[in-house]
Amino acid sequence: MKKVYFKKYSTRDDIYSFLLSKDIEKEIAFEITEFIRKGKAHNIKYSKQWYKYQKIMKKHNIDSTYIENCKKIKYLFPKSNILNSVVYIIKHIAYMAYYPEITEKVISKAPRLF
């Protein structure tokens, strides 16, 4: 049965924490995290550097499915951006619930994005 790593890399902070938990040095863990976050592991142009990082991760007993899934990442947001989005959505829903007429006026005057 394959392991699922959805919870282990939902943000770049999670990847960094996971690498630190596997006893990878802070500087190297940060380099690997930034490399994955920017989607460079996905890019053929950076294959030599990705190969080097793969060797480091395998040396520290990180599962090959985790490494392959990291390679597929094209971009990861920091945790703070995700939290800001969630807070914005909660505020928006609260305004819609408590002030529906004001919210409707604001939404009708807002420019259409698509």
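Structural remarks
- Residue that is modelled with the highest pLDDT, among those in segment 91-114 that are surrounded by fewer than 10 Cβ atoms within 10 Å (Cβ to Cβ) and hydrophobic (A, V, I, L, M, F, W, C): A97
- Residue list for segment 82-106, restricted to those being basic (K, R) and over 30 Å from D13 (Cα atoms): K105
- Among all residues of segment 61-80, there is at least one that is buried (at least 17 other Cβ atoms within 10 Å of the Cβ), hydrophobic (A, V, I, L, M, F, W, C), modelled with pLDDT under 85 and outside any helix (DSSP H, G or I).
The values are calculated or read from the model by the stated rules, or taken from the named source; none is laboratory data. Fair warning: this is a prediction, and the values are worked out from it, not measured in the lab. Here the Cβ is made from the backbone with ideal geometry for all residues, glycine too, and neighbour counts use every protein chain on show.
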